[in-house]
1. Please name all residue pairs, on different chains or six or more residues apart, with Cβ atoms under 8 Å, provided the first residue is in the stretch 57-73 and is open to solvent by less than 90 Å² (accessible area, probe 1.4 Å) and the second residue is among the hydroxyl-bearing types (S, T, Y) and at pLDDT 85 or above.
2. Just name the residue that is modelled with the highest pLDDT out of those in the stretch 74-121 that are surrounded by fewer than 10 Cβ atoms within 10 Å (Cβ to Cβ) and of a type in the set (G, A, S).
3. Give the residue that is nearest to the chain's Cα centre (by Cα), with candidates limited to residues of the stretch 126-142 that are closer than 20 Å to T108 by Cα and at pLDDT 65 or above.
4. Give all pairs with beta carbons closer than 8 Å in which a residue from the stretch 141-157 that is under 11 Å from V113 (Cα atoms) and open to solvent by less than 80 Å² (accessible area, probe 1.4 Å) meets a residue that is modelled with pLDDT of 85 or more and of a type in the set (A, V, I, L, M, F, W, C); count only pairs at least 6 apart in sequence or on separate chains.
5. Just one of the numbered conditions (1) in a loop (DSSP other than H, G, I, E, B); (2) out of contact with any helix residue (DSSP H, G or I) (no Cβ under 6 Å at 6 or more places or on another chain) is not true of D38; which one?
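The values are calculated or read from the model by the stated rules, or taken from the named source; none is laboratory data. It should be emphasised that the depicted structure is a prediction, and the values quoted were computed from it without experimental measurement. Note that each Cβ is placed from the backbone with ideal geometry, even for glycine, and that neighbours are counted across all protein chains shown. For accessibility, only protein heavy atoms count, side chains too; no ligands or nucleic acids. Shrake-Rupley method; radii C 1.70, N 1.55, O 1.52, S 1.80 Å.
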Amino acid sequence: MQNRIDEVLKAQGKTYEDMVSLTGISDYAIGNIAHGRDDATLGAWLSLARALHVSPAYLVGWSDEEEEQSSVEKQQHWYDIQMGQLKDYADNMVEPLKNIKIPAPTPTHGVKVTLDDGQVIYDSREYEDLDAYSFAGEWLHLASHSVAIKHIVSIEKVEEG
């Protein structure tokens with residue numbers, strides 16, 4: 001494994017001497033580190049990487065990523081990927097469901113009133129108890145609806161079945 005000190009210095013137009021004032025490491029020591037003749041300390045690698053604006057792992061040759069992401073950036077990147085996949089999954093699953101019509105549950109007892117526009121209203125009161133329905137002039141009062149009698153097509157008893 002080859003470190004990238006010389007490669008990065010050349011790309012940035014810098015020399016070992018330029019690095020001395022930025023790192024506090026002698027140009028001789030930097031040359032030895034660059035050519036693998038010296039086992040540099042972690043602090044030396046960090047200083048060199050910071051001065052060259054690359055990640056220590058890239059400089060040593062452990063990674064191809066020049067810039068090191070912080071743990072927050074890594075977590076944000078992971079989160080963005082996960083949310084994108086979840087959104088794609090949801091879009092693929094929900095889109096076909098948008099056209100499904102789920103009918104309202106049908107009561108098992110009471111009265112079903114059908115109107116001339118096809119609308120159906122259910123009332124939980126018993127069919128035999130027609131007096132319980134409030135007829136007021138031309139109106140029939142059911143549950144939370146008031147219906148004009150002239151629009152009623154039928155009133156039927158709802159039975160379990």
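1. S63/S55
2. Residue satisfying both the conditions and the ranking: G118.
3. L142
4. V147/L115; H151/L115; I152/L115
5. (2)
Yes/no per residue for (1) open to solvent by 50 Å² or more (accessible area, probe 1.4 Å); (2) within 47 Å of the chain's Cα centre (by Cα):
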residue	(1), (2)
Y16	yes, no
M19	no, yes
S26	yes, no
N32	no, no
R37	yes, no
G43	no, yes
S47	no, yes
A51	no, yes
